[in-house]
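The values are calculated or read from the model by the stated rules, or taken from the named source; none is laboratory data. What you are looking at is a predicted structure, and each value in this text was computed from that prediction instead of being measured. Here Cβ is always computed from backbone atoms with ideal geometry, including for glycine, and neighbour counts include all displayed protein chains.
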Amino acid sequence: MKRKMKQILGMMLLGVFAATMVTGCGTSTGENSDTKTEQKTKTTDNNVTGDTGNLNGTITMIGSTSMEKFANALGEAFMEKNPGVTVSPEFVGSSAGIEALVGGTADIGNASRNLEDSEKEAGAVENIVAIDGIAIVTDEDNKVKDLKKDDLTKIYSGEITNWKELGGDDTPIVVVGREAGSGTRGAFEEILGIEDKCKYANELDSTGAVMAKVAATKGAIGYVSLDVLDDTVNALTLEGVEPTAENIKSGDYFLSRPFVMATKGEISEQNDLVKALFDYLKSEEGKQLVESVGLITVD
Amino acid sequence: MDKKNSIIGSHQTKEIAEKTAFILFTLCGFFAVLAVLSITLYMILSGTPALLKVGITEILFGTVWKPAANPASYGILYVILTSIIGTFFAVLIGVPIGVLTAVFLAETAPKKLAAIVKPAVELLAGIPSVIYGLLGLLILNPLMYKLEQFIFKDSQTHQFTGGANLISAVFVLAIMILPTVINISESAIRAVPAQLKSSSLALGASHIQTIFKVILPAAKSGIIAAIVLGVGRAIGEAMAISLVSGSAVNLPLPFNSVRFLTTAIVSEMGYAADTHREVLFTIGLVLFVFILVINLVLTKILKGGKQDGEN
């Protein structure tokens, strides 16, 4: 009997071990397939036309790197609906994108900011397709419930290091942020004008990790996209404005930025492909897509 | 039984079976070699472009890691130092505990107690690394934060990390290498010929003297293998320490938030592009070279050229 038990226990341990091995392998193959899909998109770029569907051709989108996730998701979804269409997004930065649009090399210029007057004069039309909002979170016991833009900047650049300087408890501030390359980090630093000047004590690689760290650490402050807020943390009001979709749409909440897909001339003047893309964005499906990448829809 | 298919059937079928088996074994053997070779080749091919583009000294000896800045800076010296120091201390803590646990299990433990400890150790080996990380995040980090607040109470310059620091990472790593060290050391100790032990005891040495003067030296090469594997596991671990170390690039001081070679790759691969991505591959190459060197050097130095008592 005892021997049998031992055998069973051994088998179970073996099972657990095998499971870890499989998970290990799983991640690596996941990476592989990532690169594979990348290659795939690259190859499809070259085949311009297909015969299925009523629409044929290519839409070139050039612009903001922050919009990469959104633009790729949009491109994939739209191509799935219209197999004859190829959407080829490129990510070179907002200004370069609008330049390409005005210069005629792109159908759509992506910008993660409002257009400048000079850009509008050159013929670019601002079509806001989604809004990116960021919430500032602290641990639940923190007495500070509101921050001024200035204070937030000083916290992240390391000038304010204790909550007592902001009227809270005498607790050191633990500055939590995301890793370099993260869209949320890019947006946050860009809006506050502190690109690459932030002094992070924690650079975590996912929104979930930031939430967990902030919830578990007294005196911690972090930034996350709006859609993940829950009861484990305090979402701060900024300049007295609550981080809600309504306040972001009205423009009162400063930690937000528009995602603009600019066109040269009004949408109605564009070719059928571009019109269809904007129609798709306005449809229920398009709105779901916007929400699925953590953005706020505009109406 | 069908006579044709049985290997006792005839000399010819027997030979075919033998040959097939032989080829199969050889193929399997070469599969591992093939994997190692292709990984090596891939790492070199994908890791060197950035080295040439950014500059070897700038990557390896630069201290500023700002891959998204303009102009970008890709110095990974602090990351390399963190990996070396973190692994060193994890091994310093983990190996003595591990080897002594192995001695306990193999030599001194009462049977009933060993029956509890042994499965516990085996279970420890089976726990996924992310669980270690979560426990570290939820238990170790808050404790470290209290300590940090106490030590740096009046410090003006210290950046508080909420307990995510080098010490937390070292502790988690030390625990994670325990099962490897224990299991391999234990089988090494058990493989020491019984007559060595009985001779020592017969000569009047005490049990403890026998363990330290006879059994452990005799099991040396197995224990070294255990240490090498432990070092490999510690330096290669990513998931657990990415949760507890804070992942900011800093000089590896005990209470600093630090980033290891592994976490540097894992945390930024998701959104990295162009040169940034290539540098991450370079970090992979550095890690790969580290593991190779550690394996070769440790095995050579610690074994001292001796090839006895293989396990």
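For the range A:168-184, give me the residue count where each residue is within 11 Å of chain B (Cβ to nearest Cβ) and over 25 Å from the mean Cα position of the chain (by Cα). Working first, answer last.
Step one: of the range A:168-184, the residues within 11 Å of chain B (Cβ to nearest Cβ) are A:170-184.
Next, from what is left, pick out any that are over 25 Å from the mean Cα position of the chain (by Cα): A:170-173.
Residues in the range A:168-184 being within 11 Å of chain B (Cβ to nearest Cβ) and over 25 Å from the mean Cα position of the chain (by Cα): 4 in total.
Can you confirm whether A:Glu165 is within 14 Å of chain B (Cβ to nearest Cβ) and more than 21 Å from A:Val92 (Cα to Cα)?
yes
Working carefully through the options B:Ile116, B:Ile76, find the one that is at pLDDT 90 or above and closer than 30 Å to A:Phe188 by Cα.
B:Ile76
Can you tell me which residue is surrounded by the most Cβ atoms within 10 Å (Cβ to Cβ) among those in the range B:263-285 that are under 19 Å from B:Thr82 (Cβ atoms) and away from chain A (no Cβ under 12 Å)?
Among them, the one singled out is B:Thr282.
Is it the case that some residue within the range A:243-255 is without any contact (Cβ under 8 Å) to a residue 40 or more places away in the chain and either in contact with a Lys or Arg (Cβ under 8 Å, 6 or more places away or on another chain) or within 12 Å of chain B (Cβ to nearest Cβ) (or both)?
no
Let me spell it out: the conditions are (1) crowded, with 23+ Cβ neighbours inside 10 Å; (2) within 9 Å of another protein chain (Cβ to nearest Cβ); (3) not aromatic (Phe, Trp, Tyr), and B:Leu166 meets all of them except one. Which number is the exception?
(2)
Are there any pairs with C-beta distances below 7 angstrom linking a residue in the range B:221-247 that is away from chain A (no Cβ under 14 Å) and of a type in the set (S, T, N, Q) to a residue that is surrounded by fewer than 24 Cβ atoms within 10 Å (Cβ to Cβ) and part of a helix (DSSP H, G or I), with the two at least 6 apart or on different chains, and if so which?
From residues that are away from chain A (no Cβ under 14 Å) and of a type in the set (S, T, N, Q), the pairs are B:Ser221/B:Lys303.
Got a number for residues in the range A:69-105 being hydrophobic (A, V, I, L, M, F, W, C) and in contact with a Lys or Arg (Cβ under 9 Å, 6 or more places away or on another chain)?
2
Answer yes if at least one residue in the range B:291-304 is over 18 Å from the mean Cα position of the chain (by Cα), over 17 Å from B:Ile189 (Cβ atoms) and within 12 Å of another protein chain (Cβ to nearest Cβ), and no otherwise.
Checking the range B:291-304: not a single residue is over 18 Å from the mean Cα position of the chain (by Cα), over 17 Å from B:Ile189 (Cβ atoms) and within 12 Å of another protein chain (Cβ to nearest Cβ).
Could you list, in sequence order, the residues of the range A:113-157 that are of a type in the set (Ser, Thr, Tyr) and over 23 Å from the mean Cα position of the chain (by Cα)? Step through it out loud before you land on a result.
Our first condition is that a residue be of a type in the set (Ser, Thr, Tyr); within the range A:113-157, this holds for A:118, A:138, A:153, A:156-157.
Result: A:Ser118, single match.
Can you tell me which residue is surrounded by the most Cβ atoms within 10 Å (Cβ to Cβ) among those in the range A:216-233 that are of a type outside the set (Val, Ile, Thr) and facing another protein chain (nearest Cβ under 10 Å)?
First, pick out the residues of the range A:216-233 that are of a type outside the set (Val, Ile, Thr): A:216, A:218-220, A:222-223, A:225-227, A:229-231.
This time we only want the ones that are facing another protein chain (nearest Cβ under 10 Å), so: A:216, A:218-220.
Values: A:Ala216: 19, A:Lys218: 19, A:Gly219: 23, A:Ala220: 27.
Per the criteria, the residue is A:Ala220.
Only one of these is under 30 Å from A:Ala215 (Cβ atoms), touching a residue at least 24 places away in the same chain (Cβ under 8 Å) and facing chain A (nearest Cβ under 9 Å): B:Leu173, B:Leu178, B:Leu137. Name it.
Selected residue: B:Leu137, the only one of B:Leu173, B:Leu178, B:Leu137 that is under 30 Å from A:Ala215 (Cβ atoms), touching a residue at least 24 places away in the same chain (Cβ under 8 Å) and facing chain A (nearest Cβ under 9 Å).
Identify, from the list A:Val210, A:Val214, the residue that is outside the structural domain of A:Glu119 (by TED's automatic domain parsing), within 15 Å of the chain's Cα centre (by Cα), among the β-branched types (Val, Ile, Thr) and not in a strand (DSSP E or B). Lay out the reasoning, then the answer.
Values: A:Val214 fails: within 15 Å of the chain's Cα centre (by Cα).
When all the criteria are applied, what remains is A:Val210.
Among the residues of the range A:198-207, count how many are modelled with pLDDT under 85 and either in contact with a Pro (Cβ under 9 Å, 6 or more places away or on another chain) or within 10 Å of another protein chain (Cβ to nearest Cβ) (or both).
Taking the range A:198-207 and keeping what is modelled with pLDDT under 85, we get A:205-207.
Keeping just the survivors that are either in contact with a Pro (Cβ under 9 Å, 6 or more places away or on another chain) or within 10 Å of another protein chain (Cβ to nearest Cβ) (or both) gives A:205-206.
Adding up the residues that qualify gives 2.
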